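Enquirer: Once you've had a glance at the structure underneath, I'll fire off some questions.
Where a number appears in this text, it was derived from the coordinates with a stated rule and is not lab data. Owing to the predicted nature of the structure, the values given are computational and were not obtained by experimental measurement. Positions of Cβ are generated from backbone atoms using ideal geometry, with glycine treated the same way; all protein chains shown enter the neighbour counts.
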Ligand code: G3P
């Protein structure tokens, strides 16, 4: 499973990239607003030090507006992926982007037929939001499972990004489903490295190491 980071914080991207664990970056308007950064300046900065796919989202909701933003984003760097919402005008924009060779990440997917539509339109990536479905009492993992089955059934090449990931169990289950990618908040990158027995074992090894004759 590829690891993308879901963040608008450059420092977090640099840290995980330095660990050698990072395959891509996703952003969204809410994360960028919380960062206080200008969206274009932030994406430009990220693309200067990170060469993997970087998702930048359109703000327009009409086809012409989305295409203008998509072309503007795509001009910024060859690794830009344009994030487009899963609405009818968005699907049209995905199709037009595919024809122009612009990579797309279709966002706000909450049911499997939306994902099938995005793949048929030529989306590079689909982002089912599993945590937000769990939030309303549904099973986000079930959505991932159904999309994975549909894409396998029809040999669709759109890559699935498990998005709205809230905890390590989401990541474990997504990996067991052989989902292509998870986009992960920074705190889960640190959490996934931890186990109390690792800490206890290391403390004992360090204490014993001092007893080794020099
Ligand atoms: O970036 C898309 C998605 O990961 C958002 O997650 O936590 O706001 O539901 P969340």
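Enquirer: Look through 60, 88 and report the one residue that is farther than 14 Å from residue 124 by Cβ, buried (at least 16 other Cβ atoms within 10 Å of the Cβ) and more than 16 Å from the ligand (Cβ to nearest atom). Give the derivation first.
Expert: Details: 88 fails: buried (at least 16 other Cβ atoms within 10 Å of the Cβ).
Result: 60 is the single residue among 60, 88 that is farther than 14 Å from residue 124 by Cβ, buried (at least 16 other Cβ atoms within 10 Å of the Cβ) and more than 16 Å from the ligand (Cβ to nearest atom).
Enquirer: Just give me the residues in region 120-142 being buried (at least 22 other Cβ atoms within 10 Å of the Cβ) and free of Cβ contacts under 8 Å to residues at least 40 places away in the same chain, in sequence order.
Expert: Matches in region 120-142: 123, 126, 128, 140.
Enquirer: Could you list all residues from region 189-207 that are in contact (Cβ under 8 Å) with a residue 40 or more places away in the chain and either assigned to a loop (DSSP other than H, G, I, E, B) or farther than 30 Å from residue 130 by Cβ (or both)?
Expert: Residues of region 189-207 in contact (Cβ under 8 Å) with a residue 40 or more places away in the chain: 189.
Residues satisfying the conditions do not exist here.
Enquirer: Here's a check for you: in region 17-52, which residue that is touching a residue at least 60 places away in the same chain (Cβ under 8 Å) and within 15 Å of the ligand (Cβ to nearest atom) is farthest from residue 83 (Cα to Cα)? Working first, answer last.
Expert: To start, the set of residues in region 17-52 that are touching a residue at least 60 places away in the same chain (Cβ under 8 Å) comprises 19, 21, 23-24, 26, 28.
Within this subset, residues satisfying the condition of being within 15 Å of the ligand (Cβ to nearest atom) are 24, 26, 28.
Values: 24: 13, 26: 9, 28: 8 Å.
Looking at residues that are touching a residue at least 60 places away in the same chain (Cβ under 8 Å) and within 15 Å of the ligand (Cβ to nearest atom), I get 24.
Enquirer: Go through (1) touching a helix residue (DSSP H, G or I) at 6+ places or on another chain (Cβ under 6 Å); (2) surrounded by fewer than 16 Cβ atoms within 10 Å (Cβ to Cβ) for residue 68 and report which single condition fails.
Expert: (1)
Enquirer: While we're here: Where residues in region 14-42 are in contact with a helix residue (DSSP H, G or I) (Cβ under 6 Å, 6 or more places away or on another chain) and within 16 Å of residue 183 (Cβ to Cβ), which of them is surrounded by the most Cβ atoms within 10 Å (Cβ to Cβ)?
Expert: 25
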